[in-house]
Amino acid sequence: MDDGLRESSAAEPDAAIAGSSEVTATVVAVVAAALGSLEGLLGDVFVGLRRAVADNADGTDLFAAIDRLRVCGRVVRSVPVLRPWCRLVRTAIASVQEAHEAVRCFLMAVAGDDPLEAERLADVGQRHLDRAGQYVTEADDIAEVLSQPIDASPVDFLARLLQLAYSVTGTSDPVELEQSGAQRARSLFALGGRPAEVLPGHGVQTAVFTVLADLILDGDQFVGVTRTVYSALRSKPQRLVALLSDERLRMDLTEAIDHLMYGSLQASLISAATVPDRVHLAAALELARTVVEGPGKRLVAAFLAVTTKTPYERQRTKDASALVSAAMSRPGGDAWAGLGLALRHASAHLDFRVEDRGNVLVLSPDSPRPLRLAGPEFIDRLLAGIETIYAALLAVQVAAADSGVDVLGTRGLAVLDLGPLDTVAFALRFWGWHVHQVEISEDALTLSVEATVMPDTPVITALATALQIQLPTEIEQVTITLREQTDADRAGRTHQLRGPVQAWRDFHEPATDKVRGLVEIAASWRFDGYPTMPYTAARQWIAVQAGAAVGMGFPHGVTPLRSLRDLARRFQDENLVRTLTSAITVVRCRASDAGMDHHVTTDLDLLHQWATTRLPKAARSSVITLDQLRTARELCERDLPESGTCV
C-alpha cells in the first residue's frame with residue numbers, strides 16, 4: 001500500500017504568511033491553526049484506515065485525509081525559521097513529523113502479513129503519536145509567550161518568563177530553580193570535562209536566560225556563543241585575572257545586569273515583531289541601540305582585553321563598531337557575528353522607512369545605497385545581537401567565578417522580585433539552611449534570623465552570600481539563632497551568632513583584602529560569645545602581618561601596625577596589643593637611633609615566635625561550617641587570652 005506521505009522536502013511559502021503586516025501574530029496564528037487541526041486530521045486518517053480495512057474500500061477517504069495532513073505539514077514548513085519564532089516553528093515541524101511517522105507506522109502495520117511485526121509497528125506508531133502530542137503542548141506554551149499583548153508591561157513579560165523557567169524546572173521553589181539553573185550552567189560551561197564554578201544568583205540567571213533563548217531567540221546559537229566566549233576567556237588565565245581586577249569592569253557589568261534582567265528590552269522587541277509599524281520599530285531600535293552601545297560594547301571590550309594585550313580600560317573607550325570588528329578577527333570571534341549585524345542596523349535607528357505595510361524596512365533610504373530588509377529578517381538580526389549579549393554576559397560571569405571572583409554578587413536574583421528579607425532567606429536556604437524566620441526589629445537596627453542547620457552546613461559562606469543583599473541602611477546588627485539538627489528526628493543544642501553588618505559591607509567592597517576582611521569579621525562577630533576564629537590563629541596571622549610592617553620601617557610601618565593593634569583589641573588579646581605597641585616603638589626608635597627598653601625587644605621576639613610557631617591542625621583549619629565554628633569556640637575557651645573575657 002502506498003502510504004501517500006512521501007513529498008518533496010522543498011515547500012512553497014504559504015500564502016497566509018506573505019503580505020501580512022502583523023507578522024508574529026500571523027506566524028503564531030498559522031502555526032496554532034495547523035497544530036490545532038492536527039488532532040482532527042489524525043482522527044480522519046484513522047477513521048479512513050478503519051474503513052479501508054473493515055469495508056475493503058479503495059481508501060479514498062484515507063488518502064484524502066493523508067493529503068490534508070501533508071498540506072498541514074507544508075503550511076508549518078513554509079514559516080521562516082527566524083527569531084522570535086525559531087523554537088515555535090521547529091517544535092511545530094517536529095510535531096507534524098512525528099504525526100507523519102505515526103501514520104506511516106500504522107499503515108505499514110495494517111499492510112504487513114506478520115502479526116508480531118504489525119504489533120511492533122503499532123507500538124512504535126503510538127510512541128510517535130505521544131511525542132507529537134508533547135510537541136503540540138510545548139508549542140502552545142511558546143505561542144502564549146509570543147502572543148503577549150503588545151502593551152504588556154515589562155514586569156508582566158519577565159514574570160511570564162520566570163513562570164516558564166519554574167515550569168521547565170518542574171518546581172515552584174526559587175531555591176530549586178537556582179539549583180537547577182546552576183546545574184545547567186555547570187554542564188553548559190564544562191571545559192575538558194571539568195564542571196564550571198557557579199555562584200549564587202548564576203543559577204536563576206542561567207534558568208531565565210536559557211528559557212528566553214529557547215523561546216524567543218535561537219537556543220542553539222545562544223549555547224554556541226556562551227561556550228565560545230567562555231573558552232576564549234579561560235584560555236588566557238593571567239589576562240583574565242588582570243581583567244577581573246579592573247574596578248571599571250565590575251561597575252560596567254553591574255550596569256549591564258540592571259539593563260538585561262528586566263523585561264523592557266524583550267517586550268519591546270516582541271512588540272516590534274508583532275506589529276512592525278514605525279512607532280514600535282523605533283522603540284525597539286532605540287532600546288537595542290542602547291543595549292548594544294552599553295552592555296554589548298563593554299562585553300566585547302572584556303573579550304578583547306583577554307584575547308589581546310590591550311587592557312580593558314583602553315578597550316572600553318573605543319567605538320563599538322571598531323571593537324566588534326576587532327573581536328571578530330580574533331580566535332573565537334565568530335561569537336560576535338550577531339552583534340555586528342545588530343549594531344549596523346541599530347545605528348540607523350532614526351534613518352529608516354517602513355514600506356509595504358510593514359513587510360519591508362529601508363535603512364538610510366536617502367543614501368546612494370539604501371539597505372532593504374524584510375521586516376521579519378530585520379527583527380531577527382536585532383534579536384541575534386541581544387542573544388549574543390545575554391550569552392556573553394553569562395560567559396563572563398562564570399569565567400570570573402572560575403577564577404574565584406564574584407563580579408555581580410546577588411544582583412542576578414533581582415529577577416525573582418523578592419524583598420530584602422525574602423532574598424536573605426533565599427540565600428541562606430541555597431546553602432542548606434532551614435529558615436524559620438527573618439525579621440527586622442522594631443527600632444529597625446537589628447536583623448534577626450532563626451534557622452535549623454546540620455553540623456556540616458556552611459554558615460560563614462552562607463552569611464557572605466546573604467549579607468550581600470541590599471539591606472536597609474539603618475540595620476547595624478545581625479543576630480542569628482541556629483538550632484543544630486543532629487539527625488533526621490532530633491534537634492541538638494541552640495547556638496547564637498551575632499555581629500555588625502558593617503563588617504560584611506566592608507568585606508564586599510571590591511578593594512578589600514578578602515583574607516584581612518575575614519579576620520576583621522572573626523574579630524567583630526561572636527559565636528556563643530567567642531570570636532569565630534581561634535585566638536591562636538588570629539594571633540599568628542596578626543603577628544605575620546606585623547613582622548612585615550616592622551620591616552617597612554618608619555613612617556610607612558606605623559599605620560599598618562596601629563591598624564593591627566586595633567584588630568587585636570577587638571579580639572580582646574591584651575598580650576598581642578602590648579606586643580604591637582612595642583613593635584611601633586621599635587620602628588620609631590630604629591628611625592632615630594634611640595635606645596629601647598629590654599621589654600620592648602622581648603615583645604618583638606614574642607611576636608616573631610607567634611608568627612613562626614606551627615599551630616595544631618584544628619587551629620589552622622578553615623572556619624566555615626557549624627561544626628568548625630563549634631571547634632573554634634572550644635579552642636577559644638581553652639586559649640582565652642590574658643584579658644580573660646568574652647562577649
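The values are calculated or read from the model by the stated rules, or taken from the named source; none is laboratory data. Quick caveat, the model's predicted, so the values are computed rather than measured. FYI the Cβ positions are ideal-geometry reconstructions off the backbone, even for glycines, and counts take in every protein chain you see. Side chains included, ligands, DNA and RNA excluded: accessible areas come from the protein's heavy atoms. Shrake-Rupley method; radii C 1.70, N 1.55, O 1.52, S 1.80 Å.
Please specify each residue of the stretch 172-184 satisfying the condition of being charged (D, E, K, R) and part of a loop (DSSP other than H, G, I, E, B). The one that is charged (D, E, K, R) and part of a loop (DSSP other than H, G, I, E, B): D173. It is to be established whether one or more residues within the stretch 611-623 are out of contact with any helix residue (DSSP H, G or I) (no Cβ under 7 Å at 6 or more places or on another chain), within 25 Å of T486 (Cα to Cα) and part of a helix (DSSP H, G or I). Within the stretch 611-623, one or more residues are out of contact with any helix residue (DSSP H, G or I) (no Cβ under 7 Å at 6 or more places or on another chain), within 25 Å of T486 (Cα to Cα) and part of a helix (DSSP H, G or I).
Among residues that are assigned to a helix (DSSP H, G or I) and surrounded by 23 or more Cβ atoms within 10 Å (Cβ to Cβ), A52 is not included. Is there a residue being among the acidic types (D, E), surrounded by 15 or more Cβ atoms within 10 Å (Cβ to Cβ) and outside any loop (DSSP other than H, G, I, E, B) anywhere in the stretch 481-491? Yes, the stretch 481-491 has at least one match. Among the residues of the stretch 55-74, those that are open to solvent by less than 30 Å² (accessible area, probe 1.4 Å) and either part of a helix (DSSP H, G or I) or touching a Phe, Trp or Tyr at 6+ places or on another chain (Cβ under 6 Å) (or both) comprise L62, A65, I66, L69, C72, G73.
Being closer than 17 Å to V27 by Cβ and not charged (D, E, K, R) is the filter; apply it to the stretch 334-359 and report the residue that is modelled with the lowest pLDDT. My answer is G358.
Taken together, V81, V96 contain a single residue that is of a type outside the set (K, R) and surrounded by fewer than 19 Cβ atoms within 10 Å (Cβ to Cβ), which is V81.
If you go through the stretch 86-130 and keep only what is in contact with a helix residue (DSSP H, G or I) (Cβ under 8 Å, 6 or more places away or on another chain) and among the acidic types (D, E), you end up with E98, E101, E117, E119. For the stretch 185-214, the candidate set comprises residues that are in contact with a Lys or Arg (Cβ under 6 Å, 6 or more places away or on another chain) and in a helix (DSSP H, G or I); within that set, the residue that is surrounded by the fewest Cβ atoms within 10 Å (Cβ to Cβ) is D214.
Only one of the listed residues (L164, L199) is in contact (Cβ under 8 Å) with a residue 60 or more places away in the chain and touching a helix residue (DSSP H, G or I) at 6+ places or on another chain (Cβ under 7 Å). That residue is L199. Consider the stretch 540-599 and keep the residues that are under 30 Å from K617 (Cβ atoms) and of a type in the set (K, R). The one that is most open to solvent (accessible area, probe 1.4 Å) is R569. Of the residues making up the stretch 476-498, none is of a type outside the set (D, E), under 24 Å from V519 (Cα atoms) and modelled with pLDDT under 90.
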